[in-house]
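Encoded as structure tokens, the structure appears first; notes follow it.
The values are calculated or read from the model by the stated rules, or taken from the named source; none is laboratory data. Small disclaimer: the values here were computed from a predicted structure and weren't measured. Please note: Cβ atoms are built from the backbone with ideal geometry, for glycine as well, and neighbour counts cover all protein chains shown.
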Amino acid sequence: MEFTKYYCFRLGALTRRIINYYNTRFKDLGITLSQSFVLLSLLEQDGSSVKTIASALQLDSPAVTGLVDRLAKQGLVSRQEDPNDRRSTLVFLTQEGQKIAEEAAIRAKEIDPLLKLYLAEMTLVGMEQTMEDLEQKLETGETIGIMQNRKN
């Protein structure tokens, strides 16, 4: 069996396609999918520490620090020293960051119902066809319209 047929490879490739899809959807907002997760985390809990954001995103603190650095350069977040712990930095959405985060939240939700629909139908026997269908839909840019057809 060639390695591109292994499920671990195909799931990784599918994940990269989903990331690329979202990066394209967020391009006009000036953010990436990873940056959107920081913004969405701050929508839920503004003024979080880098450590708290890293925990929520299941990333390490240096990775989140890099994301926060880029968002700060864009004026979407600001940093303040934590008054309770000088070693910690708190991150806050700016007014522009709040606006971008709210729009990102709307866009982030658009493919979720499709993924849930496909994953609910997925069994080991049907996984092959389901992954092929989902890969094709993501490749052609189809999203929400498919859900109507699959439900009927």
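Residues in the range 134-152 that are modelled with pLDDT of 70 or more and either assigned to a helix (DSSP H, G or I) or in contact with a Ser or Thr (Cβ under 6 Å, 6 or more places away or on another chain) (or both): L134, E135, Q136, K137, L138, E139, T140.
Inside the range 92-140, residues that are of a type in the set (V, I, T), more than 12 Å from L39 (Cα to Cα) and surrounded by 14 or more Cβ atoms within 10 Å (Cβ to Cβ) make up a count of 2. In the range 83-91 there is no residue that is in a helix (DSSP H, G or I) and of a type outside the set (S, T, N, Q). Tell me, please, whether a residue that is outside any helix (DSSP H, G or I) and at pLDDT below 65 can be found in the range 124-133. No.
For the range 34-42, the criterion of a residue being farther than 23 Å from Y21 by Cα and either exposed (fewer than 15 other Cβ atoms within 10 Å of the Cβ) or of a type in the set (F, W, Y) (or both) is satisfied by no position.
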